[in-house]
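Here is the structure we will look at.
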Amino acid sequence: MYRFCSITLTVLGGTLLLSAGPALAQTEAGIKVYAAQKCSICHSIAGQGNKKLPLDKVGAKLSADQIREWIVAPADAATKAKSTAKPAMKAYPNLPKADLDALVGYMKSLAK
């Protein structure tokens, strides 16, 4: 068995089996939340969406807690970061926990 980026490759009797780990499933769920919440109206990833506020490499720049704060309490996060981006980010305090966790997981996956 070999692990590469949350993907498990298992060789059984000459057959290669591929299974995605929980991190990949969470990332896929986060992509769906990102789309459903229409985050690309204000943000871009890999050149897709509003290029004024790119999220590329955000996972390497911010901790999971910081990303979570930007989502649920962006005014507080902006104050801490001394951000002057306009318009101010909308808060999502009522996002279901599973959706919030998935979105944070997706943002953390954007580290490269």
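The values are calculated or read from the model by the stated rules, or taken from the named source; none is laboratory data. Keep in mind the model is a prediction, meaning the values are calculated, not measured. Here the Cβ positions follow ideal geometry from the backbone for every residue, glycine too, while neighbour counts run over all protein chains shown.
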Exercise. Answer yes or no: is there a residue in segment 85-93 that is over 18 Å from ILE45 (Cβ atoms) and part of a helix (DSSP H, G or I).
Key: no
Exercise. Filter segment 40-63 down to residues that are assigned to a helix (DSSP H, G or I), hydrophobic (A, V, I, L, M, F, W, C) and in contact (Cβ under 8 Å) with a residue 24 or more places away in the chain and give me whichever is nearest to ALA81 (Cα to Cα).
Key: VAL58
Practice problem: Mind listing whichever residues of segment 64-78 are of a type in the set (Asp, Glu) and in contact (Cβ under 8 Å) with a residue 40 or more places away in the chain? | Solution: none
Quiz item: For segment 75-91, what are the residues that are in contact with a Ser or Thr (Cβ under 9 Å, 6 or more places away or on another chain) and modelled with pLDDT of 95 or more?
Solution: ALA77, ALA78
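Would a scan of segment 73-83 turn up a residue that is in a strand (DSSP E or B) and not aliphatic (A, V, I, L, M)? First the steps, then the outcome.
Going residue by residue through segment 73-83, those that are in a strand (DSSP E or B) are none.
No, segment 73-83 has no match at all.
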Practice problem: Hey, can you tell me all the residues within segment 94-112 that are more than 15 Å from ILE45 (Cα to Cα) and either in contact with a His (Cβ under 7 Å, 6 or more places away or on another chain) or touching a residue at least 12 places away in the same chain (Cβ under 8 Å) (or both)? | Solution: LEU95, ALA98, ASP99, LEU100, ASP101, ALA102
Quiz item: For residues in segment 74-112 being within 18 Å of the chain's Cα centre (by Cα) and among the basic types (Lys, Arg), which is surrounded by the most Cβ atoms within 10 Å (Cβ to Cβ)?
Solution: LYS108
